[in-house]
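The values are calculated or read from the model by the stated rules, or taken from the named source; none is laboratory data. Given the structure is predicted, the values throughout are model-derived calculations rather than measurements. Every residue, glycine among them, receives a Cβ derived from its backbone with ideal geometry; neighbour counts consider all protein chains shown.
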Amino acid sequence: MATVHELPQIRGVKEIPLEEGYTSGHRTCQGCESALVMRLMIKAAGPRTIVVGSTGCMYVANTTYYSTPWVVPWMHTQLGSAGSAAMGTAAGIAAQMRKGKMKDEPINVIAFCGDGGGVDMGLSAISATLQHDEYNLMIICYDNESYANTDIQVSGSSPYGANSTFSPPGKVHRIMNKRWKKNTAPMLSVGHPGLRYVATACASYGLDFTNKIRRALTIGGPTFVHCIDPCPKGWDYDPKYSHELGMLAVETGLWVQYEIIDGGLVLNGTSRSIANGIRSRKPIEEYLMRQGRFAHLVPEDIKLFQDKIDESWEKWWIPGVVPMSPESDGVDDSDE
Amino acid sequence: MTTTESGLFQVEKEELISGSEAVGIACAMADVDVITAYPIRPYDTVMQYVSRLKADGAFDCDFIVAESEHSQFEIVKHASAVGARTFCGSSGVGWFYAFEAIAVTAGLRLPVVAMVGNRALDDPGAFGVEHNDALAVRDLGWLLYWVATAQEALDMALMAWRIAEDSQCFLPFALSCDGSFLTHSQAIVNVPAQEKVNSFLPAYDRGRLLLHPDNPITIAPQANEDWLMEIRRQSDEAMHQTPAVIKKAYQEFKTIFGRGDPSPFIEEYMTDDADIILVGMGTLALPVKVAVRQMRQEGKKVGFLRVKYFRPFATDEIREALGKCKAVAVIDRDFSLGSPSYGGVLFNDIRSALYPLDDRPNMYNFIAGLGGREVRVRDVNDMVNMVQDALDTGKKELDTTWINVRE
């Protein structure tokens, strides 16, 4: 296996590298949290990195011909191909280095996808790639909870009830999206026992985010990071509140911040405080009512939402993370 | 250790192998870096062979079993962008499952080499050969070659990397091998010495298009109406440049390996003074040549033209070869439902190529051998008889005729 970079953990904001790898030239929306994800991601990774990006906002809005914002080598990949693109890049490099056709040195390989590319269409390829522990690579899913680039259509990662152009509230059906958001990071972690690193993240917590990228790139083998990205266009709120909405998602217990390192679960920051009972969760209504996409919800919808979150913290085997529980089947095992 | 050093192919030898095995040997001799596999009959025999070569240490490559054909083609596409020599392949609907990746590989000008084990597009389920799978990419910028023998499979696989990876070309190359008739049929093949392959096939050099931290380019940004037409035009120019690249490579191949036809694009069999020339692709050549030889003995002036490269289409050579005969009979192992004359894909391209001639031969079309049905010598005789009748009765056109089919 090719070697990995040494990327030490960053102890304070002042230590975050000043060098930009994602700079001017993009045309993302005002308040786009995903653009911040890209910027922090490449700051953490450094210049000896190849980035492949699947179709979505961070392709279409970022890389216009002749005005790329990427200082590092960057290549587009298809909507469902983040996993395959990462593996192809890593394998191409690894084979050439092993055979002496290319200088043997650590090169970070990062593939990003949105929720459409990661949670829906590309899930199968990501799963396959996460089985290959001989390749060093990181897949990051920037999740703005809809197909935001194509006009805001509901995805498998959209929250229950969210208004989108494929799930508009109407005269007969108030709730068109009746699916609950997939629990992607634990699904990938539980489903791939050899996987050394899985994390959830949010760019509202910049230092935490940057360090997670560095851990993902240095631990070795394939890794997966799933971050929640408030989206002014898709969530319908004033762009200046992106950071606050990211924090509210965590403070309400809707989005849980954690790392799974070699099978060990570590809750981070606010999520850890909630789990330890040091801090109580804010009501979900505070989060929902700040966003136009939930403006049509009535109190019973909000209660349903709150009940779901309560259940995830009070009834799940691992609160906020793993939904199954070791319930008794009624058989007396005492003699065994 | 690279294949070059492993010693397995140091000495030239004759082996009884299938077309798939011949391509597998070419992969090892070409020292391919990344190979992706996914099971579908009949192409996957090549991957079974490659995986065994790797398992036995005869061949050092990253051999990845993907979770779908789409991933299979995406993985090699990206490996090719970072400078790795690549190989993959598929058959029938598997090739179609990868279609998105196949389309962009050509758009990105990445020299991936793929083997298509030609297979019917089920449903209804059918393993046998039809050419519609590979033909579906004919407009996209893939070089498309139809192989007739196991020897040609090995030779053309080596040629494929040489041509695809030429910076004048930088286009992907699909090597079409008829399912069963080629993929699974064994023949004596001359396996050249590694030294000869090394002198013929240079290393893949992506040059200034290499995706690497030392060359931090952006590949495939959004171009839209501002630039897409110019970029398409560049691909078109690359396709225009391929005939010269193909000719040069073929000439060198013949010098080094001592075998080959007069033309890299077409194979002519008894066409010199022929009144009727049959045209076809792939392993169809075998029964057609036998039939032509027998008919010649009976005094019938019949010949056969095998189209080797469907893309680039050798318009000038085909015009030259067919322009002087009275009738051209194209045998399509494909269909194009609702097309002009309800004819096959090859037929309509041949007819189009001959159109500017002042004195055009009559054009007749036969659909034969679909789903792996055998095209027999007597089927070929029937076709020639039908064409002769049409010539005798002055019929310039016949309805496209399906051969050996229950009505």
List pairs: first in region A:52-72 and facing another protein chain (nearest Cβ under 8 Å), second charged (D, E, K, R) and surrounded by fewer than 24 Cβ atoms within 10 Å (Cβ to Cβ), Cβ under 7 Å, 6+ apart or cross-chain? A:THR64/A:ARG27; A:TYR65/B:ASP226; A:VAL71/A:GLU20
Residues of region A:159-180 classified as in contact (Cβ under 8 Å) with a residue 40 or more places away in the chain and hydroxyl-bearing (Ser, Thr, Tyr), total: 2
Could you list all residues from region A:18-51 that are under 20 Å from A:CYS202 (Cβ atoms), within 12 Å of chain B (Cβ to nearest Cβ) and outside any helix (DSSP H, G or I)? A:TYR22
Looking only at region B:47-62, which residues are surrounded by 21 or more Cβ atoms within 10 Å (Cβ to Cβ), hydrophobic (A, V, I, L, M, F, W, C) and under 21 Å from A:ALA128 (Cβ atoms)? B:MET47, B:VAL50, B:CYS61
For B:GLU130, state whether it is within 12 Å of chain A (Cβ to nearest Cβ) and modelled with pLDDT of 95 or more. no
Quick check on region B:64-82. Is at least one of its residues more than 14 Å from every other protein chain (Cβ to nearest Cβ) and either surrounded by fewer than 24 Cβ atoms within 10 Å (Cβ to Cβ) or modelled with pLDDT of 95 or more (or both)? no
Could you look through region B:179-203, keep only residues that are over 19 Å from B:TYR250 (Cα atoms) and of a type in the set (A, V, I, L, M), and pick out the one that is nearest to the other protein chains (Cβ to nearest Cβ)? B:LEU182
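From the list A:VAL250, A:VAL190, A:VAL225, A:VAL198, which one is of a type in the set (Val, Ile, Thr) and modelled with pLDDT under 95?
On the way: A:VAL250 fails: modelled with pLDDT under 95; A:VAL225 fails: modelled with pLDDT under 95; A:VAL198 fails: modelled with pLDDT under 95.
Going through A:VAL250, A:VAL190, A:VAL225, A:VAL198 in turn, the sole match is A:VAL190.
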Filtered residue count, region B:83-106, keeping only those that are over 12 Å from B:ILE35 (Cα atoms) and within 10 Å of chain A (Cβ to nearest Cβ): 5
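Within region B:354-384, track down each residue that is part of a loop (DSSP other than H, G, I, E, B) and among the hydrophobic types (A, V, I, L, M, F, W, C).
The answer is B:LEU357, B:ALA368, B:VAL375.
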Could you name every one of the helices (runs of 4 or more DSSP H) located completely within region B:26-101 that has at least 3 residues being more than 23 Å from the chain's Cα centre (by Cα) and in the same structural domain as B:VAL112 (by TED's automatic domain parsing)? B:45-55
Of (1) out of contact with any Asp or Glu (no Cβ under 8 Å at 6 or more places or on another chain); (2) under 25 Å from B:VAL76 (Cα atoms), A:SER67 satisfies every one except (2)
In region B:173-227, which residues are of a type in the set (Val, Ile, Thr) and either surrounded by fewer than 14 Cβ atoms within 10 Å (Cβ to Cβ) or within 22 Å of A:ALA95 (Cα to Cα) (or both)? B:ILE188, B:VAL197, B:ILE217, B:ILE219
Looking at region A:99-126, which of its residues are outside any loop (DSSP other than H, G, I, E, B) and facing chain B (nearest Cβ under 7 Å)? A:SER124, A:ALA125
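Every residue, every condition in (1) at pLDDT below 95; (2) more than 23 Å from A:LEU304 (Cβ to Cβ); (3) surrounded by 21 or more Cβ atoms within 10 Å (Cβ to Cβ), yes or no:
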| residue | (1), (2), (3) |
| --- | --- |
| A:VAL256 | no, no, yes |
| A:GLU259 | no, yes, yes |
| A:LEU267 | no, yes, no |
| A:ARG272 | no, yes, no |
| A:PRO283 | no, no, no |
